[in-house]
1. Calculate one ³J(HN,Hα) per residue across the stretch 53-63 by plugging θ = phi - 60° into the Karplus curve 6.51 cos²θ - 1.76 cosθ + 1.60, and present them in order as whole Hz with x for glycine and proline.
2. Using a simple spin-label model with points 7 Å from Cα along the Cα→Cβ vector, what separation in nm is obtained for Glu79 and Arg22?
3. Given a 1.4 Å probe and every protein chain left where it sits, what share in percent of the accessible area of the stretch 11-84 is carbon and sulfur?
4. Can you give me the long-range amide H partners of Phe32? Hydrogens built in the peptide plane at 1.01 Å from N, cutoff under 5 Å, separation of 5 or more residues or another chain.
5. Taking Cα pairs under 8 Å and at least six residues apart, what relative contact order does the stretch 1-110 come out at, in percent?
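The values are calculated or read from the model by the stated rules, or taken from the named source; none is laboratory data. Note that this is a predicted model, so its numbers are computed, not measured. Cβ coordinates were reconstructed from backbone atoms using ideal geometry, including for glycine residues, and neighbour counts include every protein chain displayed. Side chains are part of the model used for accessible areas, which takes the heavy atoms of the whole protein and leaves out ligands, DNA and RNA. Shrake-Rupley method; radii C 1.70, N 1.55, O 1.52, S 1.80 Å.
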Amino acid sequence: DDSLDPSFVFVRARILAGEVYRRALAEGVQAFRTVTVTVRFVGFVTRNRSHTGPRPFRQEEELQGEVRRLLEPFFDARENPKQKKIRLIGVRVEHLLREPSGVDARAHLALGNEAGLDRSDETEEVRG
């Protein structure tokens, strides 16, 4: 269901951030520099907001905190002045730092997940 309930959306975002973090670890990623959230509103208007930190993000809690910080403006006039309900959210990490393996340890790749707020609409995406 579409929602403008911050607690519901933040729980979904926390789950997505955890999935992205675990996938990144499984892919040999040690850290990442950029976090991006995608928000799709009712009516299919889609907005992305990113932040590249001054130092790499290494912990799941750091990712979850950054995702929350990037999402918060979508619940008030800063990013959602008409108070449209949110249909889909996405989480992506970019500028990945991988374990050295004889190839460039810094990969310009993105790993992400996005999900409709209705769990049956969930999709996964890996970009490379």
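1. x, x, 9, x, 7, 10, 10, 4, 5, 5, 4
2. The two pseudo-label positions are separated by 2.5 nm.
3. Working: 1940 of 3930 Å².
Carbon and sulfur together cover 49 percent of it.
4. Phe57, Leu97
5. Numbers: 182 pairs, mean separation 40.5, N = 110.
It comes to 37 percent, rounded to a whole number.
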